[in-house]
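To keep things clear, I will list the structure first and then write my remarks on it.
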Amino acid sequence: MTHRLAGTRSRLVFVAVLLFIAAIVLGSLMRNATRGAADPDTQEITTTEVNTTIRERITSLDPGVMTEAAVRGAIEDQLPALGARGFIRVRIAGRNIDVLVGTDYSLDNVMGISVQQSMWQYRLSLAPVNAPEELQPLYVTYMNSGMGNYWGELIIGSAGPTAAQVRTSVGFMIAMWACLCLVAICVIRVFLLPGNHVIRRGTSWTPLRRGLALALIGAILAVPIVWTLVSKTHAAAREEFARGTDLDVTSTANTMSEWLSTGEVSAAFLHATYAMSYPDCSFRILVDGKLQDRAGVDYGPASYQKPGDSPTWRKLAPLIEGGTPRPSYLTTSTKDSVRVELVAPEPDYWQVIRLRHTLLWAVPTLLAVLFALGYLTGRRSELTVPSSEEILRHAVARQAVLTVLVVCVALVPAAGWFVQTYEAAAVGRLDKTLQHDAATLSGLLSSLDPSVAAKKSLQIADSTLAVARTGMVYSLKFQLKDGRTDGVNINPAESMLSVVTGTDTPTVRIIANHTDWSIPPSHNLVVRVVGASGHLKDGTLYTFLLGTTMRPVQQDMQELWKAAAWAGPVAFLFIVLAGLIAASLALHPVAESMRRLEQFTGDAGHELRTPLSSIRLNTQVALNQDQEPEEFRRHLTAIASQAERSTHLSESLLLLARLDGEQSAPIAPVQLLDIWGGLRSAHAETLTAKSMTLQTPETDMTLVTNRELLTVALDNLVENAVRYAPEGTAVTITAQRSESLITIAVTDQGPGMPPEALPRIWDRFTRVDPSRSRDSGGNGLGLAIVRKAVETMHGHVAVVSEVGKGSTFSILLPAS
């Protein structure tokens, strides 16, 4: 049983080591998957350092030797920091120098028209000229400035990991974490493996394992189904978003064409009108191919489109702010000489959000049903008495479940409080932004005349206020001197938000949703508004309503839930692991006691079976009528010997059982000289038979202890010493007193014991040499009785032994 248990644990440890090695290898492969690509987190810093180094080197070049070869030599060694597909381009018009090192992306054709800015940076994905089918994510910086005595352009492109590299790296990362989770399971299994564990072929497929297997199969089948559902729903929602965006941009082109015939176009009006539907969007208005006006977030040249280009999706990041590129829809519409370009970042579609919420509950419910089905169908119908192994496993499982439930229940109010506090903080930040924008707008309006306020206030607000990016609600009213009212009204629900309130405290308005793609059309839209009033430059009284959607709060909460989606399962896994480990540690003494009990029962049965079998055999032979008297006597003597051995074993077992139930024993003064005399009398016959002597201290010593237990302990030590010591030697007993201890030692000149055997000699039925002990009459319980008796007297035992030189067994008792 012990060997089989050790084998099971060894195999689990071996598998855990292999899985850990596999995790290390997968981690290395994960890092190597993006080899040759620049780190996206450090691209901005790297390109800045490369830019500074190149400009310093070109500035230090001698104008007399300023050639393409010299410039190439100054920039080539900086290319490795930009990734395997990075590039550096230097153009110095004054010397007719145009040097490109690295990968050619035909950047001039992609950019289209000139940026007309001295410095910019943006992210985009381009295909190299030599590999038109492979898109490469790039972080490109442009600088047009002086470099020494010349004015030149410096374009640097840092190549990050491709989509294929990212997918490969993520695959290796998932496999690595799977290996680490399996390692944790193996380690927990080693700790939870009970001492009496025996793998039985018929009972290895337990209800728990059957339920877990069904749940695992369900999870494996659910992954592709969920992926397909989400992908198809996202594709359908994206197609609907693209159609709606195309219709909106066509309508804006018609509107701007009409405006051009009566006045001037306004991209700010378009941005303020459609920011509710397209947060962080960008509008550009071109008349006869020339840029007339732009508003919104600047995404740089990567967002520009050529005439005739069809609508497309690109990954873009804000030009000034940077950040992670996100999918954006680029579409244009032309009406007469007016061309409107719109860049609309992809929103979170309500169809996908609803599907995710449904799957979030449906998939765990399905897995729970599969687990329950497997568990219930795997239960045995007949009534059986559970084994100690099953009892221990069930106890560990119950303790672990109880621990997990207690921790989860304790965390629920804390998690609820944290979510409420986080949401309140997000609303507080939005209110501060709204109040700050209201104060800014009031300051701007106080410097405008009535004739300008109606025309320019919207354009100023759209380019100045922070809420313009998240969907601006703007309603301005004032009364002219001739009695007419004027102003502007930009909001998604004029009938509900056109009424201006004078409160300067942000409040909530509920309106019907016609703009937010993340909310179903039949649901309401929450708008946070604030009102203010004041005087224009000429003293005219105005009132305005400024507001925005709750999208910033929703985005903060989504980030929180995304973090919780990753951190929650990990935290729950750690809670489960902690529960299992805590249950294992708490029940480890129970498991050890059960192991010792089973081992003790098995060993005791084996020891009793041997003399009983001998008694039965000798009885059967003695009952044979043909036996001679001498043979009959010999068999009776053997029966008596084996009966005495069984009696001695039974008495030892009963004594151990009694000692196990005693925590302490009554004490009284004991004279050691009386103990020595009793030992000589008890072992006189054995000592005489082996020509041995028992040497004891001549001076008396009194100690307060239990006389019976001390006599039992010393009697067993002397018996062992006489049994194993060679003939003609002496067994020596010494007694010493110190301030806190009394040490009684029994020394023999026997064969001694190896050091590796000493920790086990105090266990029950343990023999250093089993064959010799059985031949000499030992049963392996003597030293176990000694230790238990001494521990009952609040002392402890010790042993010093050397092979070939004998052993010294010591009893250490408290002096007081």
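The values are calculated or read from the model by the stated rules, or taken from the named source; none is laboratory data. Please read all numbers here as calculations on a predicted model, not as lab measurements. Methodologically, a virtual Cβ is constructed for each residue, glycine included, from the backbone with ideal geometry; neighbour enumeration extends over all protein chains shown. The area values use the complete protein model at the heavy-atom level, side chains included, leaving out ligands, DNA and RNA. Shrake-Rupley method; radii C 1.70, N 1.55, O 1.52, S 1.80 Å.
Tally the residues that are in contact with a Ser or Thr (Cβ under 8 Å, 6 or more places away or on another chain), polar (S, T, N, Q) and farther than 22 Å from Ala159 by Cα, restricting the search to segment 286-311.
Residues meeting the conditions: 1.
For segment 738-761, the count of residues that are polar (S, T, N, Q), modelled with pLDDT under 85, assigned to a loop (DSSP other than H, G, I, E, B) and over 58 Å from the mean Cα position of the chain (by Cα) is zero.
Condition check ((1) at pLDDT 80 or above; (2) closer than 19 Å to Tyr150 by Cβ; (3) surrounded by fewer than 14 Cβ atoms within 10 Å (Cβ to Cβ); (4) not basic (Lys, Arg)) across all residues:
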| site | (1), (2), (3), (4) |
| --- | --- |
| Ile58 | yes, yes, no, yes |
| Leu61 | yes, yes, no, yes |
| Ala69 | yes, yes, yes, yes |
| Ile92 | yes, yes, no, yes |
| Asp104 | yes, no, yes, yes |
| Asn109 | no, no, yes, yes |
| Ile113 | no, no, yes, yes |
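Of all residues in segment 259-271, those that are of a type outside the set (Val, Ile, Thr) have Cβ atoms under 6 Å from Cβ atoms of residues that are at pLDDT below 85 and part of a loop (DSSP other than H, G, I, E, B), 6 or more apart or on another chain, in Trp259/Val265.
Residues of segment 71-86 that are open to solvent by 60 Å² or more (accessible area, probe 1.4 Å) and not in a helix (DSSP H, G or I): Ala84, Arg85. The set of residues in segment 29-62 being farther than 24 Å from Tyr142 by Cβ and not in a loop (DSSP other than H, G, I, E, B) consists of Leu29, Met30, Arg31, Asn32, Ala33.
Given the options Ser158, Ser204, name the one that is at pLDDT below 80 and open to solvent by less than 60 Å² (accessible area, probe 1.4 Å). Step by step, each of Ser158, Ser204 is checked, and only Ser204 is at pLDDT below 80 and open to solvent by less than 60 Å² (accessible area, probe 1.4 Å). Residues in segment 412-438 that are open to solvent by 50 Å² or more (accessible area, probe 1.4 Å) and touching a residue at least 24 places away in the same chain (Cβ under 8 Å): Tyr422, Glu423, Arg429, Thr433, Gln435, His436.
Residue by residue, here is whether (1) out of contact with any Pro (no Cβ under 7 Å at 6 or more places or on another chain); (2) outside any helix (DSSP H, G or I); (3) at pLDDT below 85 holds:
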residue	(1), (2), (3)
Gln663	yes, yes, yes
Asp674	yes, no, no
Glu685	yes, no, yes
Ala713	yes, no, no
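Counting just the residues of segment 705-731 that are closer than 22 Å to Ile761 by Cα and of a type in the set (Ser, Thr, Tyr), which one comes out surrounded by the fewest Cβ atoms within 10 Å (Cβ to Cβ)?
First, the residues of segment 705-731 that are closer than 22 Å to Ile761 by Cα: 709-726, 731.
The next check asks that each one be of a type in the set (Ser, Thr, Tyr); those that pass are 711, 724.
Numbers: Thr711: 17, Tyr724: 21.
This residue is Thr711.
Okay, residues lined up against (1) more than 19 Å from Thr250 (Cβ to Cβ); (2) touching a Lys or Arg at 6+ places or on another chain (Cβ under 7 Å); (3) of a type in the set (A, V, I, L, M):
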residue: Pro301; (1), (2), (3): yes, no, no
residue: Glu321; (1), (2), (3): yes, no, no
residue: Thr324; (1), (2), (3): yes, no, no
residue: Thr332; (1), (2), (3): no, yes, no
residue: Glu346; (1), (2), (3): yes, yes, no
residue: Thr358; (1), (2), (3): yes, no, no
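Going by the conditions given, is Gly308 of a type in the set (Gly, Ala, Ser), more than 27 Å from Val265 (Cβ to Cβ) and modelled with pLDDT under 85? In short, no. Only a single item in (1) modelled with pLDDT under 80; (2) closer than 30 Å to Ile155 by Cα is not met by Thr8, and it is number (2).
Of the residues making up segment 254-268, those that are of a type in the set (Val, Ile, Thr) and open to solvent by 40 Å² or more (accessible area, probe 1.4 Å) number 2. If you go through segment 7-39 and pick out every residue that is closer than 16 Å to Gln165 by Cα and open to solvent by 60 Å² or more (accessible area, probe 1.4 Å), you end up with 5. Considering only segment 460-481, I want to know if a residue exists there that is open to solvent by less than 30 Å² (accessible area, probe 1.4 Å), over 18 Å from Gly531 (Cβ atoms) and modelled with pLDDT of 85 or more. There is no residue in segment 460-481 that is open to solvent by less than 30 Å² (accessible area, probe 1.4 Å), over 18 Å from Gly531 (Cβ atoms) and modelled with pLDDT of 85 or more.
With Leu182, Leu138 as the choices, which residue is within 19 Å of Ala302 (Cα to Cα) and under 37 Å from the mean Cα position of the chain (by Cα)?
Working: Leu182 fails: within 19 Å of Ala302 (Cα to Cα).
Within the list Leu182, Leu138, the selection yields Leu138.
Per-residue answers, yes or no, for (1) touching a helix residue (DSSP H, G or I) at 6+ places or on another chain (Cβ under 9 Å); (2) within 30 Å of Phe20 (Cα to Cα); (3) open to solvent by 50 Å² or more (accessible area, probe 1.4 Å); (4) not in a strand (DSSP E or B):
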| position | (1), (2), (3), (4) |
| --- | --- |
| Val129 | no, no, yes, yes |
| Pro137 | yes, no, no, no |
| Asn144 | no, no, no, no |
| Gly152 | yes, no, no, no |
| Ser169 | yes, yes, no, yes |
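The set of residues in segment 694-704 being among the polar types (S, T, N, Q) and open to solvent by 70 Å² or more (accessible area, probe 1.4 Å) consists of Gln695, Thr699. Annotation: of all residues in segment 40-56 being surrounded by 12 or more Cβ atoms within 10 Å (Cβ to Cβ) and hydrophobic (A, V, I, L, M, F, W, C), the one that is nearest to Ile174 (Cα to Cα) is Val50.
A quick yes/no check of all residues on (1) surrounded by fewer than 17 Cβ atoms within 10 Å (Cβ to Cβ); (2) touching a Phe, Trp or Tyr at 6+ places or on another chain (Cβ under 8 Å):
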site	(1), (2)
Glu239	yes, no
Thr252	no, yes
Val297	no, no
Ala302	no, yes
Gln305	no, no
Ser310	yes, no
Glu321	yes, no
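Residues in segment 269-295 that are among the polar types (S, T, N, Q) and open to solvent by less than 10 Å² (accessible area, probe 1.4 Å): Ser282 alone.
Each residue in segment 508-560 was checked for being open to solvent by 50 Å² or more (accessible area, probe 1.4 Å) and among the hydroxyl-bearing types (Ser, Thr, Tyr), and 2 pass. Is there a residue in segment 267-285 that is part of a helix (DSSP H, G or I), within 30 Å of Asp41 (Cβ to Cβ) and not small (Gly, Ala, Ser)? No: segment 267-285 contains no residue that is part of a helix (DSSP H, G or I), within 30 Å of Asp41 (Cβ to Cβ) and not small (Gly, Ala, Ser).
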